[in-house]
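Single-structure report; data block below.
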Amino acid sequence: MENRAIAGEYPPGSVFKIVTGTAALELGKVTIQEKILDTGRHWLIPKGNAGGEALGWIGFKEALAKSDNVYFYEMGNRVGIDKLEKYARMYGLGAVTGIELPGEAEGLVANRQYKEEVYGEEWYLSETFDAAIGQGFN
């Protein structure tokens, strides 16, 4: 039997938006006051909110509170996959906890090298969007 709590590897989902938000704020890619227009879909790649919900002009705090995908797709776009990976690792993702837990999996942080080595393919912006909201290779 597998202990899924420590060995199961699943996409973290929207909780990862904390990582994306931290990176965007610390790197100066956005300010708390800046608002972006959420029309329900991102303007570069047709990815959007669940059900196409449009939240209009939205800032960081509201986007985090409402878990707005379009906002965090844009933050991922501004930050880039390399910095997203760096910040995820700063949070301790992609590594075992250091607690003696036999069978603990380290997980996977989305990154270019992994995709190149496993799939032999280049990284695409749509994959950065997925990573920014805790999906895709995460």
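Could you count how many residues in the stretch 4-21 are over 11 Å from the mean Cα position of the chain (by Cα) and either among the basic types (Lys, Arg) or at pLDDT 95 or above (or both)?
Result for the stretch 4-21: 1.
If the Cβ limit is 6 Å and pairs must be 6+ apart or interchain, which residue in the stretch 32-59 that is without any contact (Cβ under 8 Å) to a residue 40 or more places away in the chain and over 10 Å from Tyr71 (Cβ atoms) pairs with which residue that is hydroxyl-bearing (Ser, Thr, Tyr) and surrounded by 13 or more Cβ atoms within 10 Å (Cβ to Cβ)?
That search, which allows pairs on different chains as well, returns Ala54/Thr39.
I'm told Glu100 meets every condition in (1) over 18 Å from Pro11 (Cβ atoms); (2) crowded, with 17+ Cβ neighbours inside 10 Å except one. Can you identify the failing condition by its number?
Glu100 satisfies all of (1) over 18 Å from Pro11 (Cβ atoms); (2) crowded, with 17+ Cβ neighbours inside 10 Å except (2).
Of all helices (runs of 4 or more DSSP H) completely enclosed by the stretch 7-95, which ones contain at least 1 residues that are crowded, with 16+ Cβ neighbours inside 10 Å, polar (S, T, N, Q) and at negative phi?
Where helices (runs of 4 or more DSSP H) fall fully within the stretch 7-95 and carry at least 1 residues being crowded, with 16+ Cβ neighbours inside 10 Å, polar (S, T, N, Q) and at negative phi, they are 17-26, 69-79.
Considering only the stretch 66-84, I want to know if a residue exists there that is without any contact (Cβ under 8 Å) to a residue 24 or more places away in the chain, within 22 Å of Glu127 (Cβ to Cβ) and out of contact with any Phe, Trp or Tyr (no Cβ under 7 Å at 6 or more places or on another chain).
Checked against the condition, which is being without any contact (Cβ under 8 Å) to a residue 24 or more places away in the chain, within 22 Å of Glu127 (Cβ to Cβ) and out of contact with any Phe, Trp or Tyr (no Cβ under 7 Å at 6 or more places or on another chain), the stretch 66-84 yields no hits at all.
Kindly indicate the residue of the stretch 17-74 that is hydroxyl-bearing (Ser, Thr, Tyr) and out of contact with any Ser or Thr (no Cβ under 9 Å at 6 or more places or on another chain) and also farthest from Tyr91 (Cα to Cα) among those meeting that condition.
This residue is Thr39.
I want to confirm something. Restricting to the stretch 103-138 and keeping residues that are within 12 Å of the chain's Cα centre (by Cα), free of Cβ contacts under 8 Å to residues at least 60 places away in the same chain and part of a loop (DSSP other than H, G, I, E, B), which single residue is surrounded by the most Cβ atoms within 10 Å (Cβ to Cβ)?
Ala110
Check Glu34, Glu106, Glu85 and return the single one that is of a type outside the set (A, V, I, L, M, F, W, C) and modelled with pLDDT under 95.
Answer to the selection: Glu106.
The values are calculated or read from the model by the stated rules, or taken from the named source; none is laboratory data. Bear in mind that the values here come from a model prediction, so they are computed numbers and not experimental data. For neighbour counting, all protein chains shown are included, and Cβ atoms are generated from backbone atoms with ideal geometry for every residue, glycine included.
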